[in-house]
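Written below as structure tokens is the structure these notes are about.
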Amino acid sequence: MTRALYEWLLWLHPPAFRRQFAAEMLWIFDEASESEGVVALLLDGLVSLMRQWLLRSGAWKVAAAVAGGLLQVTAGGLGMLLLGHAQLTAFLAAAQLDGGWTENLRSAAPIAMSTLIRLASGSVIGILLMVIGLALWVKNFTERRIRDLQPRRNRGRRCSNCAV
Amino acid sequence: MIEDLSPFIPLSPAILHILLSLAGSDRHGYGIMQEVARQSEGQYKLGPGTLYDNLQKLMNQRLVDEAPRRSGSEDPRRRYYRLTSFGRRVLSAEVARLEGVVREAKLRLHLPNPRRAT
């Protein structure tokens, strides 16, 4: 039961880490569960799972970019709606004062349209910001991957005479 | 050409213990865990998650490499790791740094030098 749970925790790790180390970690679980304690190993597996996804895989950056984009779209849309609402309230107040209901209601349609246009433009700006954020992240990610693929002798060794 | 090891130093406690455990001989993951516990007299324990997270980092930095398997009769899941010559230089630089820290601490705290075991 606990072994299956640990196996499942390992299966939830990012694929690259899982392929490289999962079999070995399971072997350690088999060897050390009596001496180290099953609960400690399960907790360690859980912490490892969070660390690999949140800190090592970079998935949190995508999640943050999407959440930021959604927040911007929502905030932009709500802001535009509030602006439109304030304008409509002012219009209704003016209509009540001069009593020309019919004429003023006919001109209410352009106000609703302008609110929609504001909402759409707010959303477009939010999406554009999200796309820019994602593009920057992809650029950073690609550069890091290219650096990782460089030959061994060029990696991890720096010298004082090397050009920066 | 003088090697600049400063980007790797100071080492985290987990990495220092892993490199130290591999300084004597090649070990598999569980062997590293046991050796770290032995070296620290049980005060520092590494779980498999922490161990392999750090091993991955160390292999990417070429401080540690995978060693060939010892015999075919062993569990195929068991893999051995070894310290590279570059890893050994980084570990030596860290030990030298720590010696400086200990020397400074003894001066400031007026601690006597430990007696040599006979």
Which of (1) touching a strand residue (DSSP E or B) at 6+ places or on another chain (Cβ under 6 Å); (2) in a loop (DSSP other than H, G, I, E, B); (3) crowded, with 19+ Cβ neighbours inside 10 Å does B:Leu58 not meet, given it meets every other one? (2)
Which ones in segment B:74-88 are more than 10 Å from chain A (Cβ to nearest Cβ), in a helix (DSSP H, G or I) and under 14 Å from B:Leu16 (Cα atoms)? B:Arg88
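Determine whether segment A:148-161 contains at least one residue that is assigned to a helix (DSSP H, G or I), modelled with pLDDT under 60, under 34 Å from the mean Cα position of the chain (by Cα) and within 14 Å of chain B (Cβ to nearest Cβ).
As a first pass, look at segment A:148-161 and keep what is assigned to a helix (DSSP H, G or I): A:148, A:152-154.
Remaining after also requiring modelled with pLDDT under 60: A:152-154.
The next check asks that each one be under 34 Å from the mean Cα position of the chain (by Cα); those that pass are A:152, A:154.
From what's left, within 14 Å of chain B (Cβ to nearest Cβ): A:152, A:154.
For segment A:148-161, residues assigned to a helix (DSSP H, G or I), modelled with pLDDT under 60, under 34 Å from the mean Cα position of the chain (by Cα) and within 14 Å of chain B (Cβ to nearest Cβ): present.
Hey, does segment B:65-76 have a residue that's within 19 Å of A:Ala32 (Cβ to Cβ) and exposed (fewer than 12 other Cβ atoms within 10 Å of the Cβ)?
Yes - at least one qualifying residue is present in segment B:65-76.
Would you be able to say whether some residue in segment A:21-32 is at pLDDT below 90 and either buried (at least 17 other Cβ atoms within 10 Å of the Cβ) or more than 14 Å from chain B (Cβ to nearest Cβ) (or both)?
At the first step, the residues of segment A:21-32 found to be at pLDDT below 90 are A:31-32.
Remaining after also requiring either buried (at least 17 other Cβ atoms within 10 Å of the Cβ) or more than 14 Å from chain B (Cβ to nearest Cβ) (or both): A:31-32.
Within segment A:21-32, one or more residues are at pLDDT below 90 and either buried (at least 17 other Cβ atoms within 10 Å of the Cβ) or more than 14 Å from chain B (Cβ to nearest Cβ) (or both).
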Taking the condition in contact with a His (Cβ under 9 Å, 6 or more places away or on another chain) and aromatic (Phe, Trp, Tyr), does B:Tyr30 pass? no
Pull out all pairs, ordered by first then second residue, where Cβ-Cβ is under 9 Å, the residues are six or more apart or on different chains, the first lies in segment A:74-100 and is within 30 Å of A:Met130 (Cβ to Cβ), and the second is assigned to a helix (DSSP H, G or I) and modelled with pLDDT under 70. A:Gly84/A:Ile111; A:Gly84/A:Ala112; A:Gln87/A:Ile111; A:Leu88/A:Ala108; A:Leu88/A:Ile111; A:Leu88/A:Ala112
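Here is a yes/no grid of residues against (1) surrounded by 13 or more Cβ atoms within 10 Å (Cβ to Cβ); (2) among the hydrophobic types (A, V, I, L, M, F, W, C); (3) assigned to a helix (DSSP H, G or I); (4) at positive phi:
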| site | (1), (2), (3), (4) |
| --- | --- |
| A:Leu9 | yes, yes, yes, no |
| A:Leu41 | yes, yes, yes, no |
| A:Gly45 | yes, no, yes, no |
| A:Arg51 | yes, no, yes, no |
| A:Leu83 | yes, yes, yes, no |
| A:Thr89 | no, no, yes, no |
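Check B:Ser92, B:Ser71 and return the single one that is in a helix (DSSP H, G or I) and free of Cβ contacts under 8 Å to residues at least 24 places away in the same chain.
Working: B:Ser71 fails: in a helix (DSSP H, G or I).
Just a single option satisfies the conditions, and that option is B:Ser92.
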Restricting to segment B:1-16, give me the number of residues that are at pLDDT 85 or above, of a type outside the set (A, V, I, L, M, F, W, C) and assigned to a loop (DSSP other than H, G, I, E, B). 2
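With respect to A:Gly69, determine if the residue is more than 14 Å from chain B (Cβ to nearest Cβ) and surrounded by 13 or more Cβ atoms within 10 Å (Cβ to Cβ).
Numbers: more than 14 Å from chain B (Cβ to nearest Cβ): yes; surrounded by 13 or more Cβ atoms within 10 Å (Cβ to Cβ): yes.
In short, yes.
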Please tell me if B:Leu51 is in a helix (DSSP H, G or I) and either within 21 Å of B:Ser92 (Cα to Cα) or facing chain A (nearest Cβ under 9 Å) (or both). yes
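Find the residue count for segment A:1-13, including only residues that are more than 11 Å from chain B (Cβ to nearest Cβ) and modelled with pLDDT of 90 or more.
From segment A:1-13, those more than 11 Å from chain B (Cβ to nearest Cβ) are A:1-5, A:7-8, A:11-12; that's our starting set.
When the remaining residues are screened for being modelled with pLDDT of 90 or more, the result is A:3-5, A:7-8, A:11-12.
The number of residues fulfilling the criteria is 7.
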In segment A:13-35, what residues are among the charged types (D, E, K, R) and touching a helix residue (DSSP H, G or I) at 6+ places or on another chain (Cβ under 8 Å)? A:Arg18, A:Glu24, A:Asp30, A:Glu31
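The values are calculated or read from the model by the stated rules, or taken from the named source; none is laboratory data. Note that the structure is a prediction, hence the values are computed from the model and not measured. Positions of Cβ are generated from backbone atoms using ideal geometry, with glycine treated the same way; all protein chains shown enter the neighbour counts.
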